[in-house]
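Undergrad: Structure below; questions to follow.
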Amino acid sequence: MIHILIVDSHPIVRTGLELFLNSKPDLNVVGKLSSGIEIFEFVRRHRVDVIVSEVDLPELNGITALRAIKKDNKTINVLMFSHQPEEIYAISTLKAGASGYLNKTADVESIEAAIRKIHRGEISLSEKMDKHLRYEDTKKSRSRLFKKLSTREVEVLKLLSIGRKNKEIAEELDINEKTVSTYKARLFKKLNVTNIVDLIHQAKHHNLT
């Protein structure tokens, strides 16, 4: 039996996944959560083999939650299931500890297959993304630009894009304000901008937020 936790802010997504997955005799949805911050208490109290989580979550984003969860629960495999572009966010979430990434345009059979694959200890990506990582072309692309950014820089960028101040970012990511300033400076340099407005504009232009 594979024990699955679903984390998504949309009730219809949580319910739809639960109904489909529980129809399989060896899959068991043990919980449904609406925010990243709820994951920590849940995994302390329940057995979870696989977490299926959105990247964009209220209170604590999925990447930050993923990093923290994997730090203390190395046996839990995480499948990021998101509307965000796979060619951008798959790399970041794998770096943060995910075992797979699936776009929400995928069919339910693909979700089931991905869960089974990561439960076996394998990495699950779409065929297109797998080829992209293995045989990256030499043309300039969004993912090439993205690869210049560390996972932590992406987290800071996402928080800046929703209007968070340095102090708020420091508190959410559990780092000091000086470190946040350092990440901002790196982002300015890597995205070739000189102010926060242009940084956010550039990030949105490249679908990085």
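Undergrad: For the range 2-24, does any single residue satisfy the condition of being over 18 Å from ALA65 (Cβ atoms) and among the aromatic types (Phe, Trp, Tyr)?
TA: Within the range 2-24, one or more residues are over 18 Å from ALA65 (Cβ atoms) and among the aromatic types (Phe, Trp, Tyr).
Undergrad: When both residues are 6+ apart or on different chains and their Cβ atoms are under 6 Å apart, which pairs have a first residue that lies in the range 100-123 and is in a helix (DSSP H, G or I), and a second that is at pLDDT below 95 and acidic (Asp, Glu)?
TA: none
Undergrad: LYS167: within 17 Å of the chain's Cα centre (by Cα) and modelled with pLDDT of 85 or more, yes or no?
TA: no
Undergrad: Counting residues that are without any contact (Cβ under 8 Å) to a residue 24 or more places away in the chain, which helices (runs of 4 or more DSSP H) fully inside the range 1-89 reach at least 3? Steps first, answer last, please.
TA: Numbers: elements: 11-21, 39-45, 62-72.
Of the helices (runs of 4 or more DSSP H) lying wholly inside the range 1-89, those with at least 3 residues that are without any contact (Cβ under 8 Å) to a residue 24 or more places away in the chain span 11-21, 39-45.
To keep it simple, each residue is scored yes or no on (1) within 14 Å of the chain's Cα centre (by Cα); (2) open to solvent by less than 30 Å² (accessible area, probe 1.4 Å).
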position	(1), (2)
PHE20	no, no
LYS24	no, no
LEU27	no, yes
ARG45	no, no
ASP56	yes, no
ARG67	yes, no
MET80	yes, yes
ALA90	yes, yes
GLY97	yes, yes
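Undergrad: Taking the range 99-118 as the search range and keeping residues that are modelled with pLDDT of 95 or more and of a type in the set (Gly, Ala, Ser), which one is surrounded by the most Cβ atoms within 10 Å (Cβ to Cβ)?
TA: Per the stated criteria, the residue is ALA114.
Undergrad: Scan the range 186-206 for residues that are of a type in the set (S, T, N, Q) and surrounded by 14 or more Cβ atoms within 10 Å (Cβ to Cβ) and jot them down. Let's see the steps before the verdict.
TA: First, the residues of the range 186-206 that are of a type in the set (S, T, N, Q): 192, 194-195, 202.
Within the range 186-206, just GLN202 meets the criteria.
Undergrad: Report yes if some residue within the range 125-146 is hydrophobic (A, V, I, L, M, F, W, C), modelled with pLDDT of 90 or more and under 17 Å from the mean Cα position of the chain (by Cα); otherwise report no. Steps first, answer last, please.
TA: Just the residues of the range 125-146 that are hydrophobic (A, V, I, L, M, F, W, C), to begin with: 125, 129, 133, 145-146.
Going one step further and asking which of them are modelled with pLDDT of 90 or more, we end up with none.
No, the range 125-146 has no match at all.
Undergrad: Sticking with this one: Residue under question is GLY121, and the condition is that it be crowded, with 18+ Cβ neighbours inside 10 Å and of a type in the set (Gly, Ala, Ser); does it hold?
TA: no
Undergrad: Being surrounded by fewer than 16 Cβ atoms within 10 Å (Cβ to Cβ) and basic (Lys, Arg) is the filter here; which residues of the range 150-185 pass it?
TA: Within the range 150-185, LYS165, LYS167, LYS178 qualify.
Undergrad: Taking HIS3 and the conditions (1) within 21 Å of ARG116 (Cβ to Cβ); (2) surrounded by fewer than 21 Cβ atoms within 10 Å (Cβ to Cβ); (3) at pLDDT below 90, which numbered condition does it fall short on, given that it satisfies the others?
TA: Every listed condition holds for HIS3 apart from (3).
The values are calculated or read from the model by the stated rules, or taken from the named source; none is laboratory data. Please read these numbers as outputs of a predicted model, since none were measured by experiment. Neighbour counts are summed over all protein chains in view; Cβ atoms, including those assigned to glycine, are modelled from backbone coordinates with ideal geometry. Areas reflect the complete protein model, heavy atoms only, side chains present, ligands, DNA and RNA absent. Shrake-Rupley method; radii C 1.70, N 1.55, O 1.52, S 1.80 Å.
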